[in-house]
Structures are given as structure tokens and as C-alpha cells.
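Worksheet: the structure to be examined is printed underneath.
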Amino acid sequence: MKKLTASVLGLDFFDEGEMDELLEKAVIQNGTVTFYFKDGHTEIRTYQERKRGYHHSKAYRAYMRELMQFAKNGDPESKAKAMELKKEWKRDDNRWQRQ
């Protein structure tokens, strides 16, 4: 958002003081930002928020799917299988993080 605001203001870098001096407000709605300037004009730009976090490996996603299947069953046998699966992954020293 700071990069977009700096771009609209014609700045190389975001400057909060400059923003306060020039902008009345900015409204984010449905993937667009409407910038309302104090001189009366507006500018509309598209805005897509970045996803936070990190991507899990295919192996880890498969592990979690299998684990959740055992958890959904809720019976003692499934619980034992889930615990065994967890031990296997711990024994492999979190191999999903290295992929």
C-alpha cells in the first residue's frame, strides 16, 4: 500500500508527511483504491493484497491430508495411526521444511 501511495503522489519513496499534506483520504474497496486529494481530484488504482505466510511442500500437504483423515474418524485406531504418523515425521527431522 505504501508503494502504491508513493506512486500516486509521484514520489520515489513513501513519505507520510507528504501524504498527509496532499491526500484527504484513501478508500480500499473490491480490489481498488480511490485516492481523494485535498485539491478535489481523485485517482483510482487497483490493489491486490499480498498473501502472508509461506508455501508448504507437496509432501507436507500430503502428510496433513492424511493426518486430517485420521482425525475426522475419531476412533481409537485412527488416533493411534495419527500418532504414529506424527512420530514418523518428527523422526525424519521435519523433512517437509527442507523441500
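The values are calculated or read from the model by the stated rules, or taken from the named source; none is laboratory data. Model, not experiment: these values are computed from the prediction. A quick note on method: Cβ atoms are made from the backbone with ideal geometry, for glycine too, and the neighbour counts reach across all protein chains shown. Just so you know, the surface numbers come from the protein's heavy atoms only, side chains and all, with ligands and any DNA or RNA stripped out. Shrake-Rupley method; radii C 1.70, N 1.55, O 1.52, S 1.80 Å.
Brief remarks follow.
- Taken together, E49, E18, E77 contain a single residue that is out of contact with any Pro (no Cβ under 9 Å at 6 or more places or on another chain), open to solvent by 100 Å² or more (accessible area, probe 1.4 Å), modelled with pLDDT of 80 or more and acidic (D, E), which is E77.
- The numbered conditions (1) within 22 Å of the chain's Cα centre (by Cα); (2) open to solvent by less than 90 Å² (accessible area, probe 1.4 Å) are all true for F35 except (1).
- Only a single criterion out of (1) at pLDDT below 90; (2) surrounded by 14 or more Cβ atoms within 10 Å (Cβ to Cβ) is not satisfied by A26, namely (1).
- Of residues in region 1-15 being of a type in the set (D, E, K, R) and farther than 16 Å from T46 by Cα, the one most open to solvent (accessible area, probe 1.4 Å): D12
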